[in-house]
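*Asks:* One structure, as structure tokens, below. Some questions next.
Quick note: the coordinates plus some simple rules give every number you see, no bench work behind them. Only a predicted model underlies this, so the values are computations on that prediction, with no experimental measurement involved. A quick note on method: Cβ atoms are made from the backbone with ideal geometry, for glycine too, and the neighbour counts reach across all protein chains shown.
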């Protein structure tokens, strides 16, 4: 299993300069945090979104790479995380799909009293599991992915430079020829 954090080029530069990285707060954070509290789910703030890949998957083929595109469509940059105790123990939540969308959907359904159990079953709170169990759960969820085609975990703290094992860059879509591609070409690539 490989843990990947996609970043825009300016985010990587800021990370290297400051030594820490966090994802930007979500627009719907207040509502989702309130929902998570009622369900006893962790809603870390700050947090870092992590794409969880099987060993045979290439980061640049992951649908999660869209989070590495900046306004200029520069090639996505990614950090390969260590699977150290410090990293694994700080992962609080994992889902077999995009967590932001899943949590937002559940919060909206909860508010309007619509069922959401089918979504909730695909999200796991890892706080009470051992390191080995956390790894097994994350790997299991990579085998039952939802419609977005990737598994997402959330680091319950900022990322530090010491958490990074290596760096990579996706040359494919973000290459020089792709920088002139239309939005339709990009949408087609991710469909």
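*Asks:* If I ask for residues that are in contact with a helix residue (DSSP H, G or I) (Cβ under 8 Å, 6 or more places away or on another chain) and either surrounded by fewer than 17 Cβ atoms within 10 Å (Cβ to Cβ) or not in a loop (DSSP other than H, G, I, E, B) (or both), which ones from region 1-19 would you list?
*Replies:* 1, 2, 3, 4, 6, 7, 15, 16, 19
*Asks:* Quick test of your reading of the structure: residue 154 fulfils all but one of (1) touching a helix residue (DSSP H, G or I) at 6+ places or on another chain (Cβ under 9 Å); (2) without any contact (Cβ under 8 Å) to a residue 60 or more places away in the chain; (3) within 16 Å of residue 51 (Cβ to Cβ). Name the failing condition by number.
*Replies:* Failing condition for residue 154: (2).
*Asks:* Would you check which residues across region 98-120 are closer than 20 Å to residue 155 by Cα and surrounded by fewer than 21 Cβ atoms within 10 Å (Cβ to Cβ) and list them?
*Replies:* As a first pass, look at region 98-120 and keep what is closer than 20 Å to residue 155 by Cα: 98-104, 120.
Of everything in region 98-120, those that are closer than 20 Å to residue 155 by Cα and surrounded by fewer than 21 Cβ atoms within 10 Å (Cβ to Cβ) turn out to be 100, 101, 104, 120.
*Asks:* When you scan region 26-37, how many residues do you find that are part of a helix (DSSP H, G or I) and either under 10 Å from residue 103 (Cα atoms) or touching a helix residue (DSSP H, G or I) at 6+ places or on another chain (Cβ under 9 Å) (or both)?
*Replies:* Within region 26-37, the subset part of a helix (DSSP H, G or I) is 29-37.
The next check asks that each one be either under 10 Å from residue 103 (Cα atoms) or touching a helix residue (DSSP H, G or I) at 6+ places or on another chain (Cβ under 9 Å) (or both); those that pass are 29, 31-36.
Of the residues in region 26-37, 7 are part of a helix (DSSP H, G or I) and either under 10 Å from residue 103 (Cα atoms) or touching a helix residue (DSSP H, G or I) at 6+ places or on another chain (Cβ under 9 Å) (or both).
*Asks:* Would you say residue 127 is at negative phi, touching a residue at least 12 places away in the same chain (Cβ under 8 Å) and not in a helix (DSSP H, G or I)?
*Replies:* In short, yes.
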